[in-house]
Amino acid sequence: MPAATQSNPQSAIHNPLSAKLRIVIVGHVDHGKSTLIGRLFHDTNSLPEGKIEQIRKASEAEGMEFEFAFLLDALLEEQAQNITIDTTQLPFRTDKREYVIIDAPGHKEFLKNMVTGAASADAAILLIDANEGIQEQSKRHAYLLSLLGIRQIVVAVNKMDLVGYRQERFEKVRSDYTEFLTKLGIEPLHFIPVSAKLGLNITKNSPELSWHKGPAILEALDSMQISVPPEGQPLRFVLQDIYRFDERRILAGRIETGTLKVGQEIVFWPDGKGSRVKSIEEWNAKTPPTEATVGESVAITLEEQIFVERGDVGGPPDHGPAEGREIHASLFWLQEESLPLNVPFTIKLATQSVEARLVEITRVLDSSTLEPLAGSPGIIHKNEVADVRIRARKPLAFDRHDRINETGRFVIVTGKRIGGGGIIREAEYQDEKRLAGADENLTWTISPVTPDLRAEHFGHRGAVLWLTGLSGSGKSTLAVALDGQLHRRGISSFILDGDNLRHGLCSNLGFSPGDRSENIRRAGETARLLAEAGLVVICSLISPFRADRENVRKICLRDGIPFAEVFVNAPLEVCEERDPRGLYKKARTGEIKEFTGISSPYEPPVEPELELRTHEHSLPNTLSDLMHFAVELSRIPEPRVAEELARGSGI
Amino acid sequence: MDHLDQLEAQSIYLMREAYHSFSNLCMPWSMGKDSNVLIWLSKKAFCGKIPYPVLHIDTTYEFPEMLEFRDWALKEYDLDLIVKINEDARSGRGAYTASVGYETHDPVTVTHELKTVALQQVMAERKFDALITGIRRDEDPTRAKERYFSPRNADFEWDYKDQPPEFWNQFTTAQEPGEHIRVQPLLDWTEVDIWRYIEREEIPIPQMYFARPDEDGKFYRFRSLGCWPITKPVESKASNIPEIIAELMITKTSERAGRAQDHHERNAMQKLRAKGFM
């Protein structure tokens with residue numbers, strides 16, 4: 001479709017069947033969104049007869065001069081308050097093609113409406129008032145656009161007439177905003193100085209802004225592409241319902257990606273039951289179709305009567321979605337009522353609908369500044385964005401959002417309403433090699449003994465305690481003592497010691513930064529395996545680099561293994577004075593190269609789960625803190641309380 | 001897939017979601033062009049069987065041709081048809097002290113009583129929890145702000161100031177007590193899309209949409225159909241679908257210009273809709 005539009009720029013007018021580009025216009029309140037839209041309609045001659053007269057009357061009734069914004073703000077309240085409450089969609093045409101314009105409200109209160117409008121857009125115009133510059137919503141909206149996956153963005157710097165058409169002002173806004181957008185991975189196609197009110201740089205370049213060498217708004221819009229589903233993706237047939245109107249058993253759903261052919265093998269996840277497509281049903285079809293493609297709502301029958309239900313995702317046997325009860329996601333929250341840890345809600349992913357809860361909030365960002373909020377977050381408030389781990393009551397079939405969008409995102413429903421949405425950051429595929437360099441033919445062996453069963457057997461869950469700190473800070477001493485105490489308490493534990501590992505698993509590694517990273521990665525993977533087996537793993541490694549430790553955290557959390565970074569903290573002087581193995585002396589003389597703290601850096605943890613200052617407190621006290629922490633970490637969580645409550649109230 | 005295929009696929013998806021989500025669904029049917037597209041899409045969505053009743057709110061001011069069409073379509077599509085008249089309002093019984101009609105009342109009042117109140121009555125009688133409606137965003141600015149799944153409270157009021165979010169094809173499917181949901185599968189369609197689809201699929205529609213000569217020697221056609229006392233035809237020579245589309249591509253008159261109740265006072269449509277009108 002888009003190709004046809006490009007090859008014949010006039011085709012839209014003669015062929016109203018061509019697809020429309022959907023543009024959302026966002027930005028801070030009063031930066032001129034509705035005015036820009038009114039102007040676009042007016043200047044492209046897209047207004048119905050009498051509309052201008054109607055707007056003039058409405059403007060006079062409110063005691064204002066001619067107000068373009070009234071075109072869209074047709075609701076009574078909006079005219080009185082002069083703000084856009086809800087998202088509005090209107091079609092308009094240029095010489096080149098047709099558009100649907102989505103006007104999204106700029107007020108923070110109406111963020112849910114902005115998301116509603118923007119989620120369906122192909123492209124976005126971010127409006128910024130040249131005078132006011134970047135405001136709260138300018139940032140928040142940009143961040144949401146990035147989460148919603150909108151990549152084609154034009155920044156319009158509006159109200160240039162109010163700043164005397166000065167290029168310096170425009171350049172200042174451009175450089176400020178570019179710096180912010182870069183952090184989000186957004187690269188705007190253009191920055192365009194405009195005056196929506198006066199119609200400058202809207203349909204064509206205006207002499208007042210002759211220093212601007214780029215396109216006017218309309219030209220920029222005409223150069224944008226309509227989003228098309230990426231080709232060559234594996235089939236995702238999302239099952240909506242099973243119909244039995246007659247003797248046939250019909251599976252109704254939509255092909256979100258890929259294609260579906262009569263005769264092909266199809267497997268339904270998360271259960272993994274398979275059959276072949278017997279027919280594609282179509283009412284009133286001259287000849288029954290044999291193939292259906294991405295985007296189609298279809299009804300099919302299967303050769304074999306397997307049990308499938310709404311929510312199942314059909315795919316090819318060798319390229320199915322990921323499945324599991326845990327999801328790592330980035331979440332935006334739109335609802336007044338906050339979203340706390342461990343309180344049940346419904347997750348809706350494609351047509352799946354499953355009870356779930358947050359088991360971890362990794363971090364919460366203030367979406368207007370993109371700064372992480374201080375402290376350890378236990379709740380997500382309205383208009384915040386967070387990285388979270390979600391655990392569902394039943395397995396879900398899903399994809400990583402950057403792999404397949406439609407099955408890589410979800411909404412959260414609390415009570416009766418959608419409260420927020422999220423995109424899935426991580427997913428493990430059976431068909432995807434897990435480690436770099438792994439053989440493509442490797443598959444995962446999945447045991448019937450689940451982590452829950454293992455935890456039940458041990459009476460605690462496996463976990464990784466990662467002790468990091470300078471040589472001589474006390475890691476090994478604490479690790480050995482902790483291991484003993486845990487054992488006496490009936491908790492199965494094991495020590496992974498950096499030096500020990502270097503005798504075997506890591507004997508081929510040296511002390512260069514690359515080798516140190518690989519050393520830590522191997523230790524991390526080993527710790528994860530042992531924790532998966534059910535043990536509390538006490539890792540004692542200097543592990544000087546933050547990135548390496550974060551990597552281990554990821555390795556563990558990816559598989560739902562509780563991970564805690566324990567900072568064994570003692571000043572370098574103290575460690576050097578202790579020098580239990582005489583290593584500092586050798587480092588000072590140069591006998592040992594790249595020794596952490598002396599000739600190689602140590603990056604202390606920023607937010608360790610636990611910090612132990614071994615030079616300030618006695619060993620028994622420090623050990624007691626560590627012991628207490630380890631017991632808590634390995635305790636089987638009791639979300640069941642919340643779940644029971646939920647069941648009792650019939651949610 | 002071309003543009004119409006995409007619109008069709010999305011509408012079918014929405015109707016199937018509605019059928020899954022609600023236990024007692026109903027589809028109002030005015031016999032107009034959009035309504036007939038809904039019938040057609042329902043047939044496609046459910047493999048030829050429409051699994052919910054269709055509802056005609058009969059104001060008693062229906063064009064005779066429309067009623068003829070209704071009787072024809074009833075058989076053609078094998079519809080489970082409900083016809084509802086607000087009898088109390090027409091005959092001045094019950095809560096009404098006098099008969100309500102265009103002869104005595106303004107169009108906004110009549111539309112409210114004979115359409116919206118009639119709908120409320122049948123909703124209460126039949127306990128429908130959701131309605132599939134044929135409104136489109138391009139018809140009217142207030143409709144432009146609609147959701148695919150839009151809740152209405154027990155008094156049929158539309159809280160357009162606090163609508164639930166709706167994105168990524170996830171909809172409001174749970175109701176607060178007394179609420180019903182309006183499911184609006186044609187929101188994204190434009191008037192031209194509707195005509196192209198009717199043309200492509202050869203969907204039967206009432207002949208009043210096509211131009212016919214009047215006594216004054218000029219040609220007129222109906223662009224939108226409602227009650228006969230308040231629905232005026234537009235001057236037009238478009239006597240087939242390609243001509244209608246050609247006309248729409250250049251017209252600057254709005255679709256509902258011939259519908260008197262919309263223009264009775266400023267924001268009339270918004271007031272009607274806030275009280276439950278579709």
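Side notes on the structure shown:
- Residue in region A:487-502 that is open to solvent by 20 Å² or more (accessible area, probe 1.4 Å), among the polar types (S, T, N, Q) and either over 29 Å from A:E616 (Cα atoms) or modelled with pLDDT under 90 (or both) present: yes
- Residues of region A:216-242 satisfying the condition of being of a type outside the set (A, V, I, L, M, F, W, C) and within 16 Å of A:N158 (Cβ to Cβ): none
- Checklist (1) more than 24 Å from A:I150 (Cα to Cα); (2) in a strand (DSSP E or B) applied to A:N342, failing item: (2)
- Residue in region A:229-249 that is open to solvent by 60 Å² or more (accessible area, probe 1.4 Å), small (G, A, S) and within 22 Å of A:T293 (Cβ to Cβ) present: yes
- On inspection, A:E550 does not qualify as closer than 17 Å to A:L612 by Cα, part of a helix (DSSP H, G or I) and out of contact with any Phe, Trp or Tyr (no Cβ under 9 Å at 6 or more places or on another chain).
- Neighbours by Cβ (under 7 Å, 6+ apart or cross-chain): first from region A:524-539, polar (S, T, N, Q); second open to solvent by less than 20 Å² (accessible area, probe 1.4 Å) and at pLDDT below 95: A:T526/A:L496
- Long-range neighbours under 7 Å by Cβ, at least six apart or interchain, first residue closer than 10 Å to A:E426 by Cβ within region A:553-567, second modelled with pLDDT under 90 and open to solvent by 20 Å² or more (accessible area, probe 1.4 Å): A:R558/A:E426
- Looking only at residues of region B:251-278 that are within 29 Å of B:E201 (Cα to Cα) and within 10 Å of another protein chain (Cβ to nearest Cβ), we find that the one that is modelled with the highest pLDDT is B:T251.
- Single residue of B:S30, B:S11, B:S42, B:S35 found to be under 14 Å from the mean Cα position of the chain (by Cα), more than 8 Å from chain A (Cβ to nearest Cβ) and part of a helix (DSSP H, G or I): B:S35
- Verdict on B:V117 being among the aliphatic types (A, V, I, L, M) and touching a residue at least 24 places away in the same chain (Cβ under 8 Å): yes
- The condition (being open to solvent by less than 10 Å² (accessible area, probe 1.4 Å) and under 28 Å from A:L486 (Cα atoms)) is satisfied by just one residue among A:I542, A:I520: A:I520.
- Of the residues contained in region B:57-66, none is found to be more than 9 Å from chain A (Cβ to nearest Cβ), of a type outside the set (A, V, I, L, M), farther than 24 Å from B:V110 by Cβ and surrounded by fewer than 18 Cβ atoms within 10 Å (Cβ to Cβ).
- Unique match (being within 14 Å of another protein chain (Cβ to nearest Cβ), acidic (D, E), open to solvent by less than 50 Å² (accessible area, probe 1.4 Å) and at negative phi) among B:D129, B:D159: B:D129
- Selected residue (only one of B:P204, B:P177 is within 11 Å of chain A (Cβ to nearest Cβ) and not in a helix (DSSP H, G or I)): B:P177
Residue-wise test of (1) surrounded by 19 or more Cβ atoms within 10 Å (Cβ to Cβ); (2) outside any helix (DSSP H, G or I); (3) within 14 Å of another protein chain (Cβ to nearest Cβ).
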site	(1), (2), (3)
B:E125	no, no, no
B:G134	yes, yes, no
B:D138	yes, no, yes
B:S150	yes, yes, yes
B:R182	yes, yes, no
B:W195	yes, no, yes
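- Taken over region A:35-51, the residue count meeting the criterion of being assigned to a helix (DSSP H, G or I) and either modelled with pLDDT under 80 or not assigned by TED's automatic domain parsing to the domain that holds A:V100 (or both) is 1.
- Among (1) under 20 Å from B:K43 (Cβ atoms); (2) within 14 Å of another protein chain (Cβ to nearest Cβ), the one test that A:T287 misses: (2)
Condition check ((1) of a type in the set (F, W, Y); (2) not in a strand (DSSP E or B)) across all residues:
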| residue | (1), (2) |
| --- | --- |
| A:Y99 | yes, no |
| A:I102 | no, no |
| A:K112 | no, yes |
| A:S120 | no, yes |
| A:L127 | no, no |
| A:I153 | no, no |
| A:V157 | no, no |
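- Single residue of region A:99-122 satisfying the filter (surrounded by fewer than 23 Cβ atoms within 10 Å (Cβ to Cβ) and at pLDDT 85 or above) that is nearest to the other protein chains (Cβ to nearest Cβ): A:S120
- Residues of region B:15-44 that are out of contact with any Leu (no Cβ under 9 Å at 6 or more places or on another chain) and under 26 Å from A:A292 (Cβ atoms): B:R16, B:E17, B:H20, B:S21, B:N36, B:W40, B:S42, B:K43, B:K44.
- Within region B:14-48, the only residue that satisfies the criterion of being over 26 Å from B:Q207 (Cα atoms) and basic (K, R) is B:R16.
- When residues of region A:308-338 are limited to those that are under 19 Å from A:L370 (Cα atoms) and assigned to a strand (DSSP E or B), the one nearest to the chain's Cα centre (by Cα): A:S330
- The set of residues from region B:14-27 being away from chain A (no Cβ under 14 Å) and open to solvent by 10 Å² or more (accessible area, probe 1.4 Å) comprises just one member, B:N24.
- For region A:461-490, the set of residues classified as in a loop (DSSP other than H, G, I, E, B) and touching a Gly at 6+ places or on another chain (Cβ under 8 Å) consists of A:R461, A:G462, A:L470, A:S471, A:G490, listed by residue number.
Table: residues versus (1) acidic (D, E); (2) within 16 Å of A:I404 (Cα to Cα); (3) surrounded by 20 or more Cβ atoms within 10 Å (Cβ to Cβ).
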site	(1), (2), (3)
A:R276	no, no, no
A:N284	no, no, no
A:P289	no, no, no
A:G311	no, no, yes
A:A322	no, yes, yes
A:I327	no, yes, yes
A:N342	no, no, no
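- Residues of region A:188-232 satisfying the condition of being touching a residue at least 60 places away in the same chain (Cβ under 8 Å) and either touching a Lys or Arg at 6+ places or on another chain (Cβ under 6 Å) or hydrophobic (A, V, I, L, M, F, W, C) (or both): A:V194, A:A196, A:G199, A:I202, A:I217, A:L218, A:A220, A:L221, A:D222, A:M224, A:I226, A:V228
- Test for A:R553: is it among the basic types (K, R), modelled with pLDDT under 85 and in the same structural domain as A:F458 (by TED's automatic domain parsing): no
- A single entry from A:F180, A:F191, A:F237 fulfils the requirement of being of a type in the set (F, W, Y) and over 30 Å from A:A130 (Cα atoms): A:F237.
- Residues within region A:230-263 that are under 16 Å from A:I404 (Cα atoms), under 26 Å from the mean Cα position of the chain (by Cα) and within 12 Å of another protein chain (Cβ to nearest Cβ), tallied: 4
The values are calculated or read from the model by the stated rules, or taken from the named source; none is laboratory data. Everything quoted here is computed from the prediction, not taken from an experiment. Please note: Cβ atoms are built from the backbone with ideal geometry, for glycine as well, and neighbour counts cover all protein chains shown. All accessible areas refer to the heavy atoms of the entire protein, side chains included, with ligands and DNA or RNA removed. Shrake-Rupley method; radii C 1.70, N 1.55, O 1.52, S 1.80 Å.
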